[in-house]
Amino acid sequence: MRSSNPVFSRRGFSRDTGYAGFNAPPQAGGPAAPPYAGANPYAQGGNPYAADATNPYAQGQQHVTHAPPQYTPQTRPMTMDDVVARTAMTLGTVVAGATVGWLFLTGSLGFAFGAGLVAMVLALVQSFKRKPSPALILSYAALEGLFLGALSGFINDLPKMNGAPMQAVLGTLAVFVAMLVAYKTRIVRVTARFTRFVLIAAMGFFLLSAVNLLFMVFGGGDGLGFRSGGLGILFGIVGVVLGALFLAMDFKQVEDGVTYGAPREESWLAAFGLTMTLVWIYVEMLRLISILRGD
């Protein structure tokens, strides 16, 4: 399972983990395929009672000396409780970091942005790793929290912006609950076409954001105007909607992982992806509220 990061490619539970059928998710809206369709992963070690040349009790064979059957250890499958627990840990770390950033770093935005850049690097490293690293994920969450807390505190102190961060938090929670209900009731179905559409839209969104940022840095002002005025409001709404669609893809990955018996460690990647998506939605919400309030 790859990270559900909205910036990076999403290949789902595609790594070879020894769990058969793990690479082929069930069809949207249809019954889930058997978790071990095809080869049985628990048969890899061999059946000690199967008929072969070393089994003295099979098919009337005479007693012969044979080595004990090879034992192949199995990882406990991931459960929904595992995903909830890991997500609570990562989000709790983000909140703890944000509290520190709000209280102590509001006046040191340079340090806060530095923490944000390091968090982005850690996210990139984890996204390209084959296995999840809890220490790396929690470090990302802590540094991301420092950045978000300092930024939120700074914005909250601006004229007409008091309470904006709390509004952004409530808006993020509302988007999460709404998308969870839409996914569970199958109003939103994550298919291959859905995934391609969202990825293409996200690439276009981030490309325009990068171009707008370059124009702001080298040309001054608001750049191409994607982050101010009416166009900025529209762009912010698109960002929130894209974040919500990525949440649906996160839910799909979690559902497939539980259905197909992903290794327990994959719950860390599920938590990592959910955390990154929620952070993205929060930032877009905060930016949208800032534009609507006229700052």
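The values are calculated or read from the model by the stated rules, or taken from the named source; none is laboratory data. Bear in mind the structure is a predicted one, so any value in this text is a computation, not a measurement. All Cβ positions, glycine included, derive from the backbone under ideal geometry; neighbour counts span all protein chains shown.
Six or more apart or on different chains, Cβ under 9 Å: which pairs go from a residue in the stretch 260-276 that's at positive phi to one that's of a type outside the set (S, T, N, Q)? Could you list them? From residues that are at positive phi, the pairs are GLY261/TYR19; GLY261/GLY21; GLY261/PHE22; GLY261/PRO35; GLY261/TYR36; GLY261/PRO41; GLY261/PRO77; GLY261/MET78. Of the residues VAL254, VAL279, VAL217, VAL198, the single one that is outside any loop (DSSP other than H, G, I, E, B), modelled with pLDDT under 95 and either hydrophobic (A, V, I, L, M, F, W, C) or over 24 Å from ALA85 (Cβ atoms) (or both) is VAL217.
Name the residue that is farthest from THR75 (Cα to Cα), counting only residues in the stretch 107-160 that are hydroxyl-bearing (Ser, Thr, Tyr) and part of a helix (DSSP H, G or I). Walk me through it before giving the result.
So in the stretch 107-160, the residues hydroxyl-bearing (Ser, Thr, Tyr) come out as 108, 127, 133, 139-140, 152.
Next, only the ones that are part of a helix (DSSP H, G or I) stay: 127, 139-140, 152.
Details: SER127: 22, SER139: 25, TYR140: 26, SER152: 41 Å.
The extreme case among them is SER152.
With the condition kept exactly as written, say whether any residue in the stretch 177-188 is under 30 Å from LEU105 (Cβ atoms), assigned to a helix (DSSP H, G or I) and of a type in the set (Gly, Ala, Ser). Within the stretch 177-188, none of the residues are under 30 Å from LEU105 (Cβ atoms), assigned to a helix (DSSP H, G or I) and of a type in the set (Gly, Ala, Ser).
Scan the stretch 253-268 residue by residue and report those that are surrounded by fewer than 24 Cβ atoms within 10 Å (Cβ to Cβ) and over 15 Å from LYS131 (Cα atoms). Step through it out loud before you land on a result.
Start the filter on the stretch 253-268 by keeping residues that are surrounded by fewer than 24 Cβ atoms within 10 Å (Cβ to Cβ), which leaves 255-256, 258-259, 261, 263-265.
Across the stretch 253-268, the qualifying residues are GLU255, ASP256, VAL258, THR259, GLY261.
Once the stretch 72-106 is narrowed to residues that are of a type outside the set (Ser, Thr, Tyr) and part of a loop (DSSP other than H, G, I, E, B), the residue that is modelled with the lowest pLDDT is PRO73.
Assess whether PHE218 counts as being surrounded by 13 or more Cβ atoms within 10 Å (Cβ to Cβ) and not aliphatic (A, V, I, L, M). Spell out the reasoning first.
Working: surrounded by 13 or more Cβ atoms within 10 Å (Cβ to Cβ): no; not aliphatic (A, V, I, L, M): yes.
Considered against the rule, which asks whether it is surrounded by 13 or more Cβ atoms within 10 Å (Cβ to Cβ) and not aliphatic (A, V, I, L, M), PHE218 comes out as no.
The residues in the stretch 228-241 that are of a type outside the set (Val, Ile, Thr) and surrounded by fewer than 21 Cβ atoms within 10 Å (Cβ to Cβ) can be counted, and the count is 6.
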